[in-house]
Amino acid sequence: QLQLVESGGGLVQPGGSLRLSCASSRLDFYAIGWFRQAPGKEREGVSCISSSGLSTNYADSVKGRFTISRDNAKNTVYLQMNSLKPEDTGVYYCAAGTTSPRFCAVLAGLYDNWGQGTQVTVSS
């Protein structure tokens, strides 16, 4: 089973930035999704990137603020989060799934390997 390790979370003020990383021993064949869960709320999809890197998708709530990218040579996927808002607070999880190289979707059911999560707190 693929092990995923998220890092980069922390406490940041509104308007600030964080970059999350998702690393594993081998990611190049996998589409990667980022999901988040706030206390008392359902898990929601944030963004995804296809294994080829040619396709990305974003939740409406983060479009224009978050950017997903991948470096297959480093087996790492990044989520650059700018203009952070308090409502972005939550535990962020990355997940890996096998799909066609140019496809990804922010649907939890497509992913069968999940990381342990990293906490992001946006507060003044």
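The values are calculated or read from the model by the stated rules, or taken from the named source; none is laboratory data. If you're wondering where the values come from, they're calculated on a predicted model, not measured in any experiment. Using ideal geometry, Cβ is built from the backbone for each residue, glycine included, and neighbour counts are taken over all protein chains shown. Side chains included, ligands, DNA and RNA excluded: accessible areas come from the protein's heavy atoms. Shrake-Rupley method; radii C 1.70, N 1.55, O 1.52, S 1.80 Å.
Points worth noting:
- Residues of segment 75-107 that turn out to be at pLDDT 95 or above and of a type in the set (Lys, Arg), as a count: 1
- Residues that are touching a Phe, Trp or Tyr at 6+ places or on another chain (Cβ under 8 Å), more than 17 Å from residue 4 (Cα to Cα) and part of a strand (DSSP E or B), drawn from segment 47-58: 58
- Residues (in contact with a Lys or Arg (Cβ under 8 Å, 6 or more places away or on another chain) and in a strand (DSSP E or B)) located in segment 59-84: 76, 77, 78, 79, 80, 81
- Filter pass, residue 87 being free of Cβ contacts under 8 Å to residues at least 60 places away in the same chain, assigned to a helix (DSSP H, G or I), among the charged types (D, E, K, R) and surrounded by fewer than 23 Cβ atoms within 10 Å (Cβ to Cβ): yes
- Residue selected from segment 1-57 under the condition of a type in the set (Lys, Arg) and open to solvent by 30 Å² or more (accessible area, probe 1.4 Å), by the criterion farthest from residue 111 (Cα to Cα): 19
- When the residues of segment 59-79 are filtered to those that are exposed (fewer than 15 other Cβ atoms within 10 Å of the Cβ) and touching a residue at least 24 places away in the same chain (Cβ under 8 Å), the one that is nearest to residue 6 (Cα to Cα) is 74.
- Test: residue in segment 3-12 that is over 18 Å from residue 123 (Cβ atoms) and part of a loop (DSSP other than H, G, I, E, B): yes
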